[in-house]
4 protein chains.
Amino acid sequence: MSYKSGRHFLQIPGPSPVPDRILRAMDNPVIDHRGPEFADLGQAVLAGIKRIFKTESPVVIYPASGTGAWEAALVNTLSPGDRVLMCETGQFATLWHELASKLGLEVEFIPGDWRHGADPQAIAERLRRDDGHQIQAVCVVHNETSTGVTSRIGDIRRAIDDTGHPALFMVDTISGLASADYRHDEWGVDVTVSGSQKGLMLPPGISFNALSDKALARAKQARLPRSYWDWGAMLASNATGYFPYTPATNLLYGLKEAIHMLEVEGLDHVFARHQRHAEATRRAVQAWGLEVLCLNPAEHSPVLTTVLLPEGHDADRLRRLILERFDMSLGAGLGKLKGRVFRIGHLGAINDLTLLGTLAGVEMGLACAGVPHQPGGVQEAMRFLADR
Amino acid sequence: MSYKSGRHFLQIPGPSPVPDRILRAMDNPVIDHRGPEFADLGQAVLAGIKRIFKTESPVVIYPASGTGAWEAALVNTLSPGDRVLMCETGQFATLWHELASKLGLEVEFIPGDWRHGADPQAIAERLRRDDGHQIQAVCVVHNETSTGVTSRIGDIRRAIDDTGHPALFMVDTISGLASADYRHDEWGVDVTVSGSQKGLMLPPGISFNALSDKALARAKQARLPRSYWDWGAMLASNATGYFPYTPATNLLYGLKEAIHMLEVEGLDHVFARHQRHAEATRRAVQAWGLEVLCLNPAEHSPVLTTVLLPEGHDADRLRRLILERFDMSLGAGLGKLKGRVFRIGHLGAINDLTLLGTLAGVEMGLACAGVPHQPGGVQEAMRFLADR
Amino acid sequence: MSYKSGRHFLQIPGPSPVPDRILRAMDNPVIDHRGPEFADLGQAVLAGIKRIFKTESPVVIYPASGTGAWEAALVNTLSPGDRVLMCETGQFATLWHELASKLGLEVEFIPGDWRHGADPQAIAERLRRDDGHQIQAVCVVHNETSTGVTSRIGDIRRAIDDTGHPALFMVDTISGLASADYRHDEWGVDVTVSGSQKGLMLPPGISFNALSDKALARAKQARLPRSYWDWGAMLASNATGYFPYTPATNLLYGLKEAIHMLEVEGLDHVFARHQRHAEATRRAVQAWGLEVLCLNPAEHSPVLTTVLLPEGHDADRLRRLILERFDMSLGAGLGKLKGRVFRIGHLGAINDLTLLGTLAGVEMGLACAGVPHQPGGVQEAMRFLADR
Amino acid sequence: MSYKSGRHFLQIPGPSPVPDRILRAMDNPVIDHRGPEFADLGQAVLAGIKRIFKTESPVVIYPASGTGAWEAALVNTLSPGDRVLMCETGQFATLWHELASKLGLEVEFIPGDWRHGADPQAIAERLRRDDGHQIQAVCVVHNETSTGVTSRIGDIRRAIDDTGHPALFMVDTISGLASADYRHDEWGVDVTVSGSQKGLMLPPGISFNALSDKALARAKQARLPRSYWDWGAMLASNATGYFPYTPATNLLYGLKEAIHMLEVEGLDHVFARHQRHAEATRRAVQAWGLEVLCLNPAEHSPVLTTVLLPEGHDADRLRRLILERFDMSLGAGLGKLKGRVFRIGHLGAINDLTLLGTLAGVEMGLACAGVPHQPGGVQEAMRFLADR
């Protein structure tokens, strides 16, 4: 076995680096998930996670990856053959589409170029044409992890409201929660789907559904078969701080610590920090003369930045070189972007110097790989960060 | 907050105490689940877990609790309205029944008294009457965590074979794997369901389906909707050591260490150790003049021992007293056994002295709670353990 | 490499088992020992450790074992050729004697039988005969780790006071602090020596000198060469929370947590717990028909119990057998007690069930080794512990 | 309490960042330091540390800071009033001088400007004038942590040999070992002093004396009082893997892991890595238009770089600003350099991106603090690092 000196730079857009405080919180003996000590833990995390989603409604915690929470959102609210409206914002929207189809739902996919967020007007227009209210749900990805484009959830809510259409509004903010501003109640989202390994700074293994009264009402009629994902059994047990089946106890230890850390820093401060790092990153990309994938300045992700390589240059080769020479992981281009882009994660437990080390790794990698660019990206990011 | 001096005795039948080696293995930075380092980890655990199940066929690893793995076994192999045969061995068999019903399956439940394992002859008899082969699957719980009774899986296999019935054979050994002898291939099981937090000595959060060719063939026709649990996508990704969605990376670190520890000790030695501790426990119970729930000596569980209290004595009051005075968690009576029994877990990372501390806690608890009994149970267990 | 299932029983009289909370507190990144964050840590532990010693005077913390703190006590207060009075309570008193001799001090050793504490009247008598006040210091071991006998420090103080002799009074409570009642100020001790790996529940690596004004005054005239151990440089730096050379930072993290844990439980509760476990242990020894080394009931140690084997039986063989068969470490007979006794540590982070597991290991070991004894020791200890 | 997002940059010249692997190795239960398991640990680290010092002679391991190991080197080899020759290379040489004086030795101090290493010719010249061989030892600091200047130990050895003077040669490489090339045997050093918290990547708390036959022979006549530091008792116990008093067990766990990591990477590779990072750092300093303290290119330290600020600028204010804004610790100017320099540590468990983050923190700090400089230092370091 070989070691690399120093700490790996895990700059993919999730899993993000897990702080020592959280790893240590998890590194504790398992307790009886039916005992009184557990109830305190359960109630603490169930209450705390609501504050992170900014909701007064229940949040369900699954021992599952984010993909499981997607499935849960659908099977709890829909029936076989139901029609849902989705928006092609990138690879993860595409995967959600696939998942829904596998479950027997009819998916309508508003096409997109993977360089913009979901279009509120396109959604509204489609809903207006849906006279019979066949569309049961609108599903949007808040922060597209494959593109670095953020959809404007508040605007989409208003656009839906303008149509008076009764469809449920479901949002995936797996990679957005606790990094990008998110307001489940204020934005009238019915089911928000999220996961642990991004802004919450936890290892992967638990995921979330934030609910609304409307979603809970629909759950009563929904006929897709469900058991593991069933909100009803969850909420019944959660009322006293327990879970209907064995929860991922040690991740809940970590979740408690993560919520504490986020609240001590303050969510607004957390969001501002991510915006500042994202801006520094974009300035570096611009200085290099490269193109950011996201085309709408109002939709730049605070979580990650996706960079297009010039034609004829393979982004996966660049990433491999950077991994080998500088011990840094960057995100690959996914789906139709494979080989054409790389993604810089700047979320979670990082700081200015981590970010500058990251950008330095990219800039040196571009040089080593012979990708045409101007030096000076790190310099530009430093100028920005030193200024404010 | 208050501390109790010393280490809590977690003597429930799972989650079992997690060894320091495993907690420390998990307490490591998350890595890129799409990078080359991950593939090594993935391949190591996917190969290793097959040796623990004693199978040459693939084992699927879910980021989910054991309940999820139950659901996975059913949705991958069955279609809406399919008939399955289950055996009422206790509370977990009952829950599996409920789960299957929720998914739209027709469950036939061979009744039981919760004091015996599944009856091979009763199963064979029912299959013989199933001329049209309506029954698609026989589902049995190997080690009933609610009763401490182990079903004889090899005998059941032979009984099914004698009927020539083509039903799939599915077994839940969530609390049996890596504590009780188990042989997926030799016993011709089609889907074995298990979890991490028992004999594998891990925290809860991942679970397993061990497969057979026959199960894989059935999966092609099965029409229950599935996506998260879908074996197909899993096996395709697993081929190169990866997973189709973000895995619970840190639990996989722990799984690698657990497999290593089990193999260094030797599975046969692990099984013998559990049998020895179970025998010592039963001798203590006998010396106390109390009754072990399991009535068939051939079916005593090596994992846990369930003890009946005399009429008029509340087992939950006893457990609460033991928790408060001696900082030990014991398992509660579940379902129809609530308040009538308590369960002593003697599985996983324990040794002779842990077991004797455990039995001492029970014996002192019986005295403190005024439960009629003879002292001398610990003495008897010591005599047994010192002898061999 | 081979693993033993379960957790080793470390029942030597120190190092004692380190609680997970303390190991995790230590498992954190090192910080700049000259930076502002360190000052907070330094001030917290320097203030907290005074409460544990029950003193208003300074306590010096060395990166050193307890032996170093012995040396520090002597070199800060004495000059070459100075006469000191020590009491032969056991092996550690003998080692302190040797150390003092190596440093060029003249040691007078009041002989003892290793089965009693230091005799207040013998000390007083010797001091009365010291007309010219040649004796500069009286040095006593509070809790003799080699014998399980505790000297009565308060009585010795009164005996010294009665003589009006001005000698310094130095006490080693390396294995007593935070397990046995100890009162530096009330008992008028001038220098108390202690270490981390016993009642403080830390790994070994730091040790202590608690001081008095009188000791500080003597330090000004003392002429034994000193630099590393010099109180002056320590106290000057400690005033602002720092140390004159690099401290053992991670052990200080642990110390902070240990002080917190002791104060949440309450020192009086901690002392009572140790007394209760010691009494249970002695009752077990009595039930076995074996002899406790300590002959004076007023001097039984709450920290450890030393057990004499019948003539012709080798205690080291017994200990080896117990280690191999039951994975428990017991303390060996030291010095002239080698092979004749074994020592049971019952200090620090243990509880009733740990103690009973420990006693069960001893009782089974006696049986396996063929040491003549009556069974029933564990039974007797259980009866005692269940009663109160 | 407030948290800072991300990981603190600990870029002082020691303690250096402790790798997770080492923290986890230390985060394990303490074992019986008199038991058989300990002997394996003791023998492994005692053998391994010799390979790091490049010596066939014994290395003594103290539970103490590096300062203790300095004291040990002197008290084991010298007698009261002995004359030693030291060289004023900086603050740590000055402290060693003070320590020796406190112990009653006569120190001759060859003056220096803190910008050069010890001068071989000056040493030789002084020894030549010492006709009566009054000088018992020559003491040199290999890597002056206060200045970033490395003395040429091999050259000094040759210079001493040329004089035929029999003085012992003692070297402090506390901050050099395992970062800068060091050869105890080849360079004929009699006592090498080192510590854990620098190139060995451990927390502070253990320190070392590497010996020679000549040093061991001198120890027999040396008359400074000693007990804790006595090599004789140490070597006697070490022969079987044990220690004469309780060792810092958990740091020994870490030491075993550290030696393993260094040997897997290869010491030559480790040294080359440090040289490369030092060169990158100096290029950055040069690009900023600032001055490196070390004036002799042959004596640049691979461990740290000390940077002079322009007249009128306070280095401590700069460091404070960088700590507050960028969460990075840099080393202060010590002794007569206070406020005039800052020190960048680039030792131990770091990599290219950590170093560039570090240099970015410095460059932004210079800008924020209004210190006159040219931007472009990071750019220059990147150019160098990307090239090779």
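Values in this text are rule-based calculations from the coordinates and carry no lab data. Please read these numbers as outputs of a predicted model, since none were measured by experiment. Don't worry about glycine lacking a Cβ; one is built from the backbone with ideal geometry, like all the others, and counts go over all protein chains shown.
A few points about this structure:
- Relative contact order of the stretch B:257-357, defined on C-alpha pairs under 8 angstrom at six or more residues apart (%): 24 percent
- Between the stretch D:267-313 and the stretch C:179-227, the alpha-carbon center distance in angstrom: 44 Å
- Along chain D, the exposed loop sites are GluC sites (Glu not before Pro) outside DSSP states H, G, I, E and B with at most 15 other Cβ atoms within 10 Å, and the longest stretch free of them is D:57-185.
- Pairs of Cα atoms farther than 25 Å apart, the stretch C:182-331, %: 51 percent
- Kirkwood Rh in Å, taken over all unlike Cα pairs in the stretch C:287-388: 14.0 Å
- DSSP bridge pairs, chain B: antiparallel proportion in percent, nearest 5: 50 percent
- Taking the C-alpha atoms only, the angle from helix A:66-75 to the longest principal axis of chain A is near 30 degrees.
- The helix-only estimate of mean residue ellipticity at 222 nm for chain C, built from DSSP H runs of length n ≥ 4 each weighted as -39500 (n - 2.57), is -13500 deg cm²/dmol after division by the residue total.
- Here's how it looks for A:LEU293: its modeled amide H is under 5 Å from those of A:THR306, A:VAL307, A:LEU308, which are all 5 or more places away or on a different chain.
- 18 Å reach of a label modelled at A:GLU263, 7 Å along Cα-to-Cβ, counting backbone N of the stretch A:152-193: A:178-179, A:182-185
- Placing a label point 7 Å from the Cα of C:LYS4 along the Cα-to-Cβ direction, the residues of the stretch D:20-53 with a backbone N closer than 15 Å are D:29-40.
- Closest approach of a chain C Cβ to the axis relating C and A (residue, whole Å): C:ARG24, 2.
- Per-residue ³J(HN,Hα) for the stretch A:298-310, Karplus 6.51 cos²θ - 1.76 cosθ + 1.60, θ = phi - 60°, Hz, x for Gly and Pro: 6, 10, 4, 7, x, 9, 8, 10, 9, 10, 7, 8, x
- For B:SER207, the residues whose modelled amide H falls within less than 5 Å of its own, excluding neighbours fewer than 5 places apart on the same chain, are B:TYR62, B:ALA64.
- GNM on chain C, alpha-carbon springs under 10 angstrom: the most fluctuating residue among C:GLY35, C:GLY335, C:GLY68 is C:GLY35.
- Across the stretch D:279-293, rounded Karplus estimates of 3J(HN,Hα) from the backbone phi angles (6.51 cos²θ - 1.76 cosθ + 1.60, θ = phi - 60°) give 5, 4, 5, 5, 5, 5, 4, 4, 5, 5, x, 9, 10, 7, 4 Hz, Gly and Pro being marked x.
- Sites B:ASP185 and A:ASP316 - FRET efficiency at Förster radius 35 Å, r taken between beta-carbons, to 0.05: 0.35
- Share, in percent, of DSSP beta bridges within the protein assembly as shown that are antiparallel, nearest 5: 50 percent
- Nonlocal amide H pairs with B:ILE110, under 5 Å, H built at 1.01 Å: B:MET86, B:CYS87, B:GLU88
- Most mobile listed residue (B:ASP213, B:ASP119, B:ASP352) in chain B, GNM with C-alpha springs under 10 Å: B:ASP213
- Other-copy label distances relative to B:GLY81, 7 angstrom Cα-Cβ extension, nm: 1.4, 11.0, 11.0
- At 0.692 mPa s and 37 °C, Stokes D of the stretch C:1-147 from Kirkwood alpha-carbon radius, µm² per second: 174 µm²/s
- Sequence-ordered 3J(HN,Hα) estimates for the stretch B:124-139 from the Karplus curve with 6.51, -1.76 and 1.60 and θ = phi - 60° stand at 4, 4, 5, 5, 4, 6, 8, 4, x, 6, 6, 6, 8, 8, 10, 10 Hz, glycine and proline given as x.
- Rounded if a/c under 1.5, otherwise prolate or oblate - the protein assembly as shown, Cα gyration tensor axes: oblate
- Three-way shape label, chain D, alpha-carbon gyration tensor, a/c 1.5: oblate
- Loop-located trypsin sites (Lys or Arg not before Pro) in the stretch A:281-387 (DSSP state other than H, G, I, E, B) with a sparse environment of at most 15 neighbouring Cβ atoms within 10 Å: A:LYS338.
- Using a 7 Å Cα-to-Cβ projection, C:LYS336 label spacings across copies, nm, ascending: 6.0, 7.2, 9.2
- Entries of C:LYS102/D:LYS102; C:LYS4/C:LYS256; A:LYS198/D:LYS4 with Cα pairs more than 24 Å apart: C:LYS4/C:LYS256
- Global form of the stretch B:90-149, assessed from the alpha-carbon gyration tensor, a/c cut-off 1.5: oblate
- Calculated FRET efficiency for the pair D:ARG388/A:GLU37, C-beta based, R₀ 51 Å, to 0.05: 0.35
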